[in-house]
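Chemist: Next up is a structure, given as structure tokens.
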Amino acid sequence: ALSFLASVLVIAFLTPEQALREALLRIWLVLLLTLLTCAFGAYWREYLRREQFLHRGLAQWLALHDELTGLSNRRLFKQHVQMAMAQASRDGRALALLLIDVDHFKRYNDRYGHDAGDHALQRVAAVLAVQAQRPLDLAARMGGEEMALLLYDIRPEQLGEHANAVVAAMAAEGLPHEDSPTAPVLTLSLGAALMRPGEGPERLYQRADALLYRAKNEGRNCACVEGMGTDERES
């Protein structure tokens, strides 16, 4: 189009007849305005398509992630755990579910305010995200102060180390919690269970949840771990 416009302009200036030159220049001007209009229209259409793509991607992300922490939400967790359990069964790999609860979180909110509580949940999420680095691992916020960590292809004998590392890492964050009867800083309770052959996601969740409540009953700021057919308490 630009070459054509340049050709018309050159012909106009080389034409000896004034009337023809003026007619060619008017045609050139009309063509130029048409080209600019088409170019703007094409740019605007592409811009709107890009915006639509980004908005669609953002909407999809928000539908599957927790906006506050950036972790996966319960919906994505349910989808992922079914897929991961099927994959682990096919590959003969171990799969562990860790359920985590922030100790005395209501007292923390009451003492420091909801903004501080939101910040604390973000710090907890950061601790969990460090543990979920492999493609089939997943860290999720299940609701409120309850989090979940799914670890794929984990060595059963190392599950206690992973669980204890989560609890220790949160304590090391050093977030003051003066109203906690457990510790002077914000702490976690954790229950960890390994997938058993033939069981579904609901049963795995129930066993991990039972271990989480056991950790709470045994003083909090600890992990209760099931593995190798036995339970052990990590603190």
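Chemist: Once the Cβ-Cβ distance between LEU14 and GLN52 is put in as r, and R0 is 35 Å, what FRET efficiency do you end up with, to the nearest 0.05?
Modeler: Once the sixth-power term is evaluated, E becomes 0.15.
Chemist: To continue, here is another question. Could you compute how much accessible surface TYR213 exposes when probed at 1.4 Å, giving the result in Å² to the nearest 10?
Modeler: 120
Chemist: For the chain, what is the accessible area per residue in Å², given a 1.4 Å probe and the full set of protein chains?
Modeler: 57
Chemist: How fast does region 168-220 diffuse by Stokes-Einstein, in µm²/s, taking the Kirkwood radius from C-alpha pairs at 4 °C and 1.567 mPa s?
Modeler: Stokes-Einstein gives a translational diffusion coefficient of 103 µm²/s.
Chemist: With r defined as the distance between the Cβ atoms of TYR43 and ALA210 and R0 fixed at 41 Å, what FRET efficiency is calculated, to the nearest 0.05?
Modeler: 0.10
Chemist: Also, quick follow-up: Percent of Cα-Cα pairs per 10 Å bin, from 0 to the last occupied bin, for the chain, please list those.
Modeler: Once binned at 10 Å, the Cα pair distances of the chain give 7, 25, 23, 11, 6, 6, 7, 8, 5, 2, 0.
Chemist: In whole percent, how big is the carbon plus sulfur part of the accessible area of region 120-235, probe 1.4 Å, protein atoms only?
Modeler: 49
Chemist: Please give the helix 18-64 orientation as an angle from the longest Cα principal axis of the chain, in degrees from 0 to 90, rounded to the nearest 10.
Modeler: 10
Chemist: Just to make sure I understand: if all protein chains stay in place, what is the order of ILE11, ILE100 by accessible area at 1.4 Å, largest first?
Modeler: Sorted descending by solvent-accessible area, the residues read ILE11, ILE100.
The values are calculated or read from the model by the stated rules, or taken from the named source; none is laboratory data. Every value quoted in this text rests on a predicted model; they were computed, and no experiment measured them. Counting neighbours? That spans all protein chains shown, and the Cβs are built from the backbone with ideal geometry, glycine included. We work out accessible area using only protein heavy atoms, side chains counted, and drop any ligands, DNA or RNA first. Shrake-Rupley method; radii C 1.70, N 1.55, O 1.52, S 1.80 Å.
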